[in-house]
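Read the structure below first, then the notes.
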């Protein structure tokens, strides 16, 4: 924009000033747009993270169903725990070399087939099923903490056990030294639970049970 001064000379300073203001306004507008986009992305990321934490907490809560199902099965089968029952996800030895999560090694057959996750594996977990409205699917494996199959009192056997006093009375004994209370060995079992949840959520929980 040009202006004619009273002395007849052209004035172009105002035009230059208006051009600088326009440039500054455009720069500020671009900066504000980028800041708004960054804020929106930050909010979206926060929402996703919060949602993932919620799914994880839900999966961990659902793992209690797997532990309880394993405990119920152990109680119902106390007299047949000296040998494996692979169909029910029970193994009478520790299987120390077993890769529970599949993260330690790749390939081979030292892992676990969790509900069809890897049918090539020799060890299959027992699938409890979908346990809640969120769609969490629960599976478990039970390991008796022993080195060998068979009785916990067998030759060469080593188990993680604890001894407790059984029920007894000295009432019918001739003296207190003539009647010994029964001592019973209880064995530790390791229960590993995997929960498959929505949006590929996977959680592992372990519990130690004494039977």
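Here, each number is a calculation from the coordinates, and none is a lab measurement. Owing to the predicted nature of the structure, the values given are computational and were not obtained by experimental measurement. No Cβ is skipped: glycine too gets one built from the backbone with ideal geometry, and neighbour counts run over all protein chains shown.
Tell me, what is the FRET efficiency for residue 109 and residue 163 to the nearest 0.05, using R0 = 35 angstrom and their Cβ-Cβ distance as r? It would help to have the intermediate numbers written out before the result.
On the way: r = 37 Å, r/R0 = 1.06.
Calculated transfer efficiency: 0.40.
Quick check: pseudo-label points 7 Å beyond the Cα along Cα→Cβ at residue 40 and residue 184, how many nm apart are they?
Here the modelled spin labels are 6.7 nm apart.
Ranked from highest to lowest mean number of other Cβ atoms within 10 Å per residue, what is the order of the peptides 148-155, 109-116, 76-83, 27-34? Walk me through the numbers on the way to the answer.
Working: 148-155: 13.0, 109-116: 17.5, 76-83: 11.5, 27-34: 10.0.
So the peptides 148-155, 109-116, 76-83, 27-34, ranked by packing, come out 109-116, 148-155, 76-83, 27-34.
Could you give the nm distance between label points at residue 79 and residue 120, where each point is 7 Å from its Cα heading toward the beta carbon?
4.3 nm
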